[in-house]
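Trainee: Below is a structure I'd like to ask you about.
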Amino acid sequence: MGERFFLTTAIDYVNGSPHLGHAYEKTLADALARYQRLCGRSVFFLSGVDEHGQKVQQSARALGLEPQDFCDRQSALFRSLWERLDISFDRFVRTTDPLHKEAVRSFLQNLKDRDLLRFEEHEGFYSLRQEQFVTEKDRVEGRWPEIFGEVVPMREPNYFFLLSRFGDRIRSEIESRPDWIIPEFRRNELLAALQRPLQELCISRPRSRLAWGIPLPFDEQYVTYVWFDALLNYVSFAENGDGQSWWPADLQIIGKDILVPAHGVYWPAILCALGLPLPRRLLVHGWWLNRGAKMSKSTGNAIDPLPYLERYGSEALRYFLLREMTLGNDADFSDEKLLRRYQSDLVNDLGNFAHRSLSMIARYREGRVPGWIDSQAGQAEKELASAFDEVAYRSAFDQGDTSTGLSVAWAFIGQANRYVDQAAPWRAARSPDSKERLDAILAALAETLRRIAVSIEPALPRSSRKLLLQLGISERPLLSGASFAPPRESYPVGVPEPLFPRIEG
Ligand code: ME8
């Protein structure tokens, strides 16, 4: 077993259906998990759904369903979408899992035993949408920000986690880790937020008001605050079939709306309180927008990935999401952009190169790639051999930057297509004196196709596998095998079949 890599995603609320924003995050995590496997690491990829809380209870009621039945139905919806998108998680979290409920209860008991919880009456304001107490300080120009939805006055005795005790500690932990958050400007935002004194965190909700949650182990009249429950999934599910915890995570992927305070303040404080290490890194992505507005369940402008999956297939949707979003920023989704990427990058660049290469091998050498002879390589083959910038590719994927990583792979594909045009194997095929030249070109093409298949694996796992199988390779690819090393013996390849059918606009 090689080095280990543990990565997690946010767990999605099941009160609505999965939308394109959720699909992006899971695809991003999947591409990075596949990249780590490509580097030879042993990967544990954890993802799942967040099933408790008021919003879930309300949505279930609105449909006349029991919350558990509603969660079963919704979770299946998320899972089946991730299967269609080839999301290769190793474990799927459901916070209603008895294992998780027991773990949360024991964490709470631990905090209680160590006097890190206080029971007191709290009088203030409560955001119904965020399911949390808010304070006067949260008002912007006298008004409650829209993200809070309806805010009502509330007076209620509750349990509070003594968050303020951990402010200095988490500030210094984060200050000492310059690359703890990607991108860096998010780290600055978090450090700015940590300059203010921390309020204690209310971690309970009275059962009389909210029945759908994990009961506190020491007071059954209360259930656990949904965020406290949800964050703990990362440690309660951190076991990957080997009986050991993989915590701390190497990478936690989340959207920008849940950095401050959830993953940047509450989560490190909870970990410190439990004596557990912080995650090694957080990757904070931006939002997919629909005509400039964040898509979300509550505003009803969410884009359903299904029709796009049906029209373009999972590979195209994955590629588009990974390529089009600049890491950390927001991006506007549009049908035209997706169609453009599909036609130019997938049909014309990748599909075309694969098809031309395999067709020429079929036509000129009856489907056998000629064995490679070093002395036959000319300048053009040497340039092609060094055309894949593996260092740039690795450094982009190591930073979670799939867009740059894929642009490196596509620069290589572009070079491969130019090589075909310049080497013009059809000309060599017409001249009986050029047999050796044609052999060298065809062997270089097959080898280039193999390297391309390796480099696209994180984003396009199906196409990668199809191409490798056509080249007679069934083993799992490794990035260490992406350098130019064409076989010296001749070998047979499969019949070319189009990877990406043309779609009319
Ligand atoms: O926040 N574009 O769940 P959630 C990109 N259950 N990403 C988006 C997005 C968009 N338009 N909309 C949402 C929750 N996301 C909690 C998480 S983790 C312990 C608990 C991202 O269903 C969002 O940023 O509202 C988050 O990372 C994830 O989808 C789940 O959002």
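Trainee: If you fit an axis through the alpha-carbon atoms of helix 184-193 and take the longest principal axis of the Cα set of the chain, what angle between them do you get, 0 to 90°, nearest 10?
Mentor: Orientation of helix 184-193: about 0 degrees from the principal axis.
Trainee: Quick check: Cα centre of region 7-81 to Cα centre of region 254-282, how many Å?
Mentor: If we compute the Cα centre of each part, the gap is 19 Å.
Trainee: Let me ask something additional. Starting at 0 and stepping by 10 Å, how many percent of the alpha carbon pairs of region 335-492 end up in each bin?
Mentor: Spelled out bin by bin, region 335-492 gives 10, 41, 35, 12, 2, 0 percent.
Trainee: Taking region 343-417, which GluC sites (Glu not before Pro) meet the DSSP loop condition and have no more than 10 other C-beta atoms within 10 Å?
Mentor: Details: sites: GLU366, GLU381, GLU383, GLU390; in loops: GLU366.
Answer by residue number: GLU366.
Trainee: What percent antiparallel are the DSSP beta bridges of the chain, to the nearest 5? It would help to have the intermediate numbers written out before the result.
Mentor: Details: 27 of 51 bridges.
Percent antiparallel among DSSP bridges in the chain is about 55.
Trainee: Let me spell out the model: positive unit charges on the Cβ of Lys and Arg, negative unit charges on the Cβ of Asp and Glu, origin at the Cα centre of the chain. What dipole size does that give, in debye rounded to 20? Please list the in-between numbers first.
Mentor: On the way: 63 positive and 68 negative charges, 174 e Å.
In total the dipole reaches around 840 debye.
Trainee: Write down the radius of gyration of the chain and its Dmax, each obtained from C-alpha positions, in Å.
Mentor: 26.4, 93
Trainee: On a 0 to 90° scale, report how tilted helix 20-38 is relative to the longest principal axis of the chain, with both axes built from alpha carbons and the result rounded to the nearest 10.
Mentor: On a 0 to 90 degree scale, this one is about 60.
Trainee: OK, next. Only four residue types carry charge here, +1 at the Cβ of Lys and Arg and -1 at the Cβ of Asp and Glu. Report the dipole size of region 335-492 about the Cα centre in Debye, rounded to the nearest 20. Don't jump to the answer; show the numbers that get you there.
Mentor: Numbers: 21 positive and 20 negative charges, 101 e Å.
Here the size comes out at about 480 debye.
Trainee: Kindly provide the helix-only [θ] at 222 nm of the chain, computed as the sum of -39,500 (n - 2.57) over DSSP H runs of four or more divided by all residues, to the nearest 500 deg cm²/dmol? Don't skip to the end; give the middle numbers.
Mentor: Details: 19 runs with 213 residues, N = 505.
Helix-only estimate at 222 nm: -13000 deg cm²/dmol.
Trainee: Taking Cα centroids, how far is region 445-492 from region 292-323 in Å?
Mentor: Region 445-492 and region 292-323 have Cα centres spaced 29 Å from each other.
Trainee: Let me ask something else. For region 329-392 and region 173-195, what is the separation of their C-alpha centers, rounded to whole Å?
Mentor: If we compute the Cα centre of each part, the gap is 40 Å.
Trainee: Another question, if that's okay. Pick out, from SER344, ALA331, SER403, the residue whose Cα sits farthest towards the positive end of the charge dipole of region 328-475, with +1 on the Cβ of Lys and Arg and -1 on the Cβ of Asp and Glu.
Mentor: The listed residue farthest towards the positive side: SER344.
A short reminder: the numbers here are calculations on the coordinates, not readings from a lab. Just so it is clear, the structure is predicted and the values come from calculations on it, not from any experiment. Positions of Cβ are generated from backbone atoms using ideal geometry, with glycine treated the same way; all protein chains shown enter the neighbour counts.
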